[in-house]
Amino acid sequence: MKKNSYKKYDAPGKWYGTRKSRRILRLIAEIAIALALAFLFAQSFCAQVTIQESSMDPTIATGESVLVDRLARILPLPGIRRGDLIVYRGTGMTDTSLHVKRVIGLPGEKIEIRNGQIRINDTVYNDVRELPEMVSGGIAEGGINLAKDEYFVLGDNRNNSEDSRHSEIGNIRKDRILGKAWLVILPFSKIRFL
């Protein structure tokens, strides 16, 4: 009678018993858990927004999608800072559209725009980005005082942007802010940090 030449770990139904197979199963399980946690994190603390307007040209083009960090609105550090790109809800009760603009004025500050210059608390603000000079300061020409929960925002396409200079938009209250835009994710050929 011929002896069975199977080794213990080669026996049918025992494929999971080898050290190598256990390592592979563990690796697969770890990857699955990591992907599940990443998905849960992304659904809870991130959002994807597609840009529908040209007010952020050349920084973000119409049709590009950005990833939004929802935690920035909640956490005190680093929180929302001057120069950040925020995503906020429109003003009306029925206006559920989302808008992306750059934060210029922080809560408690006085903002004034005259002769194409932005003044924050009577000090000229020099933006590090090369953006076109503003033709109109809108309602900010006479100066605007921000409340403790309000932000003053501008689009990077300064002369083609409906932002805090317009009375229909005004200052952005913190409760209207969804979060900070920080990464362009679509199209894939234009992925970049903001």
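What follows is calculated from the coordinates using simple rules that are stated; it is not laboratory data. Being a predicted model, the structure only gives us computed values, none of them experimental. Here Cβ is always computed from backbone atoms with ideal geometry, including for glycine, and neighbour counts include all displayed protein chains.
Before moving on, here are some points about what is shown:
- Residue ID - surrounded by the fewest Cβ atoms within 10 Å (Cβ to Cβ), chosen from residues in the range 175-192 that are among the β-branched types (Val, Ile, Thr) and out of contact with any Leu (no Cβ under 6 Å at 6 or more places or on another chain): Ile191
- Scanning the range 73-110 for residues that are in contact (Cβ under 8 Å) with a residue 40 or more places away in the chain, farther than 23 Å from Asp57 by Cα and surrounded by 14 or more Cβ atoms within 10 Å (Cβ to Cβ) gives Arg73, Pro107, Glu109.
- For the range 111-131, the set of residues classified as surrounded by fewer than 12 Cβ atoms within 10 Å (Cβ to Cβ) and under 27 Å from Gln52 (Cα atoms) consists of Val128, Arg129, Glu130, listed by residue number.
- Within the range 150-171, the set of residues being β-branched (Val, Ile, Thr) and under 16 Å from the mean Cα position of the chain (by Cα) comprises Val153 only.
- Residue within the range 133-153 that is surrounded by 12 or more Cβ atoms within 10 Å (Cβ to Cβ), β-branched (Val, Ile, Thr) and more than 20 Å from Thr50 (Cβ to Cβ) present: yes
- Filter result for the condition that a residue is under 21 Å from Gly179 (Cβ atoms) and of a type in the set (A, V, I, L, M, F, W, C), over Leu131, Leu106: Leu106
- Every condition in (1) under 17 Å from Asn157 (Cα atoms); (2) exposed (fewer than 12 other Cβ atoms within 10 Å of the Cβ) holds for Asp57 except the one numbered (2).
- Search result, residues across the range 154-174 that are surrounded by fewer than 18 Cβ atoms within 10 Å (Cβ to Cβ) and assigned to a strand (DSSP E or B): Arg173
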